[in-house]
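Below is one structure, written out as structure tokens, with a few remarks after it.
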């Protein structure tokens with residue numbers, strides 16, 4: 001891991017992604033799988049790679065990602081967050097562009113827990129007067 005330029009963590013919902021940037025020609029591996037195979041949706045792949053495109057670093061780095069928890073969408077958001085943080089560690093001048101695009105904001109929305117004595121997080125049992 002000595003040839004890593006930057007290592008950063010990104011989070012969204014319950015997903016956590018550890019992102020490593022290495023000098024290379026633009027390969028992206030997520031959990032030892034190509035990004036195209038791991039995330040099949042084009043929209044999610046474009047969303048995930050947005051920080052790299054915004055900072056014009058498309059062919060500069062090889063990206064190695066370890067993603068855990070959540071679903072595909074949550075992991076894509078966590079990867080986006082981690083990529084933005086890693087790119088700032090690699091090049092501090094990218095911060096302004098990424099901040100303006102909202103890539104550095106941690107999306108903290110999570111599923112609300114079910115409360116005891118009721119059927120869901122907010123839903124109540126049907127009220128009956130008698």
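In segment 53-65, the qualifying residues are those that are surrounded by fewer than 16 Cβ atoms within 10 Å (Cβ to Cβ) and closer than 20 Å to residue 39 by Cβ, and the one that is farthest from the chain's Cα centre (by Cα) is 59.
Pick out the one residue from 55, 33 that is without any contact (Cβ under 8 Å) to a residue 24 or more places away in the chain and out of contact with any strand residue (DSSP E or B) (no Cβ under 7 Å at 6 or more places or on another chain).
Working: 55 fails: without any contact (Cβ under 8 Å) to a residue 24 or more places away in the chain.
It is 33.
The set of residues in segment 29-63 being touching a helix residue (DSSP H, G or I) at 6+ places or on another chain (Cβ under 9 Å), in a strand (DSSP E or B) and over 18 Å from residue 3 (Cβ atoms) consists of 30 alone.
Scoring residue 86 on the criteria (1) under 26 Å from residue 43 (Cβ atoms); (2) outside any helix (DSSP H, G or I) leaves a single failure, condition (2).
Among the residues of segment 101-115, are any part of a helix (DSSP H, G or I) and surrounded by 11 or more Cβ atoms within 10 Å (Cβ to Cβ)? Break it down stepwise before answering.
Let us first name the residues in segment 101-115 that are part of a helix (DSSP H, G or I), namely 101.
Of the ones still in play, those that are also surrounded by 11 or more Cβ atoms within 10 Å (Cβ to Cβ) are 101.
Checked segment 101-115: at least one residue is part of a helix (DSSP H, G or I) and surrounded by 11 or more Cβ atoms within 10 Å (Cβ to Cβ).
Sort through 84, 90, 76 and tell me the only one that's touching a strand residue (DSSP E or B) at 6+ places or on another chain (Cβ under 7 Å) and surrounded by 16 or more Cβ atoms within 10 Å (Cβ to Cβ).
On the way: 84 fails: touching a strand residue (DSSP E or B) at 6+ places or on another chain (Cβ under 7 Å); 76 fails: touching a strand residue (DSSP E or B) at 6+ places or on another chain (Cβ under 7 Å).
Result: 90 is the single residue among 84, 90, 76 that is touching a strand residue (DSSP E or B) at 6+ places or on another chain (Cβ under 7 Å) and surrounded by 16 or more Cβ atoms within 10 Å (Cβ to Cβ).
Exactly one residue out of 93, 66, 128, 108 is out of contact with any helix residue (DSSP H, G or I) (no Cβ under 7 Å at 6 or more places or on another chain) and modelled with pLDDT of 95 or more, and it is 66.
Looking for whichever is within 18 Å of the chain's Cα centre (by Cα) and either at pLDDT 95 or above or more than 15 Å from residue 10 (Cβ to Cβ) (or both) here; the options are 78, 101. Which one fits? Walk me through it before giving the result.
On the way: 101 fails: either at pLDDT 95 or above or more than 15 Å from residue 10 (Cβ to Cβ) (or both).
Result of the check over 78, 101: 78.
Restricting 70, 26 to residues that are on the phi > 0 side of the Ramachandran plot, free of Cβ contacts under 8 Å to residues at least 60 places away in the same chain, buried (at least 19 other Cβ atoms within 10 Å of the Cβ) and not in a helix (DSSP H, G or I) narrows the list to 70.
For segment 5-23, a residue qualifies if it is out of contact with any helix residue (DSSP H, G or I) (no Cβ under 9 Å at 6 or more places or on another chain) and either surrounded by 12 or more Cβ atoms within 10 Å (Cβ to Cβ) or free of Cβ contacts under 8 Å to residues at least 12 places away in the same chain (or both), and exactly one does: 22.
The values are calculated or read from the model by the stated rules, or taken from the named source; none is laboratory data. Owing to the predicted nature of the structure, the values given are computational and were not obtained by experimental measurement. Cβ coordinates were reconstructed from backbone atoms using ideal geometry, including for glycine residues, and neighbour counts include every protein chain displayed.
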